[in-house]
Amino acid sequence: MRHYYIAGNWKMHKSRSEAAELARALVSQLKDGKHKYLAAPSFTSLETVGAILKGTNILLGAQNMAAEEQGAHTGEVSVLQLKDLGVQAVILGHSERRHTYKEDDALINRKVRLALQHGLEVILCVGELLEEREAGKAEAVCEAQTVKGLEGVAKESLARITIAYEPVWAIGTGKTATPEDADAIHAHIRRVVGRLYGADAAAALIIQYGGSVKPDNAAQLMAKENIDGALVGGAALKADTFVPIAKFG
Ligand code: PEP
């Protein structure tokens, strides 16, 4: 019932021409890919990359958006502007937004609801810090971020939400959660969503794992019952490393 979904977060990397080169390589190498794919370049490359991805099996994603539709918000990018560029999905609540840019659950929830209201798909990121894991709070942190992130989201909209479990200590560090540890948190998130929306919605929910996913660990992670894909950072910057993840197994 669930399908695998592999997304690449290019973060603040690449000029337009470099982004175009990667997008072209992904289009050609993933055209026979069996899963759902997304590429999320920087805002500055969305138009360029969007033109290359149009009509392919790779969705165009943004890495963030403002919580307001428009107005006096210097430096922000709105959902209307993203839609105008053909963006189909947006990553919200990434740990770099939460921890470096101090976005809280209430702000992230406003963004989630606004994105859904405008027809975008959402990848909602949750994940604990190392000290929270060491204090035995990983499940509680992910549960709170999930519940608050989804507040006010109707059951009919849940099909457009993907949750990405990204333990903060595993992002960009080379440390990956073991498949068993990741699966345990994914199972917990699924239980939480079941409590909120019912067993059918929980069973259909796509939950990606993110945190130093590489070609050599993707298949073991994806083999776990509750891991339905990956949100990939560093390894998404080259077709040579993203494509084997996207075609794992
Ligand atoms: C991310 O930024 O979402 C991420 C998972 O990064 P990395 O794959 O580099 O750990």
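Tabulated data
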read-out: For the stretch 122-135, 3J(HN,Hα) per residue [Karplus equation, 6.51 cos²θ - 1.76 cosθ + 1.60, θ = phi - 60°, Hz, x = Gly/Pro]; value: 10, 9, 9, 8, 9, x, 9, 6, 4, 5, 5, 4, 5, 8
read-out: Point-to-point label distance, GLU47-THR100, nm (Cα→Cβ direction, 7 Å offset); value: 2.5 nm
read-out: Whole-number percent relative contact order across the stretch 40-127, with pairs defined as alpha carbons under 8 Å at least 6 apart; value: 28 percent
read-out: At 1.306 mPa s and 10 °C, Stokes diffusion of the chain via Kirkwood alpha-carbon radius, µm² per second; value: 89 µm²/s
read-out: Contact order relative to length of the stretch 181-249, as percent, for alpha carbon pairs under 8 angstrom and 6 or more apart; value: 32 percent
read-out: Burial order of peptide ranges 11-20, 85-94, 184-193 (average beta-carbon count within 10 Å, highest first); value: 85-94, 184-193, 11-20
read-out: Placed amide H near GLY8: partners under 5 Å, 5+ positions off or other chain; value: LEU38, ALA39, ALA40, VAL232
read-out: Under 20 Å from LYS54, Cα to Cα: aspartates and glutamates that are on another chain or at least 8 residues apart; value: GLU18, GLU21, ASP32, ASP84, GLU121
read-out: Hz values of 3J(HN,Hα) by residue in the stretch 156-169 - Karplus curve (6.51, -1.76, 1.60), Gly and Pro given as x; value: 5, 8, 4, 5, 9, 10, 10, 9, 10, 8, 10, x, 4, 5
read-out: Whole-number percent relative contact order across the stretch 5-246, with pairs defined as alpha carbons under 8 Å at least 6 apart; value: 20 percent
read-out: Extension gain from THR74 to GLU180, taking 0.36 nm per residue of separation minus the Cα-Cα distance; value: 33.8 nm
read-out: Expected 222 nm ellipticity per residue - DSSP helices of 4 or more, -39500 (n - 2.57), all of the chain, to 500; value: -11500 deg cm²/dmol
read-out: Partner lysines for LYS214 [C-alpha distance under 26 Å; skip if fewer than 8 residues away on the same chain]; value: LYS11, LYS14, LYS31, LYS34, LYS36, LYS175, LYS224, LYS238, LYS247
read-out: Full-extension gain in nm, ALA159 to GLU18, via 0.36 nm per residue minus C-alpha separation; value: 47.5 nm
read-out: Rounded to whole Hz, the Karplus (6.51, -1.76, 1.60) HN-Hα couplings of the stretch 227-233, x for glycine and proline; value: 9, 10, x, 9, 10, 10, x
read-out: Nearby aspartates and glutamates by direct alpha-carbon distance to LYS155 (threshold 13 angstrom, same-chain neighbours under 8 apart not counted); value: ASP200
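Read-outs: derived from the displayed coordinates by stated rules, not from any lab. Nothing here was measured: the structure is a model prediction, and the numbers come from that model. Positions of Cβ are backbone-derived with ideal geometry, glycine not excepted, and every protein chain shown enters the neighbour counts.
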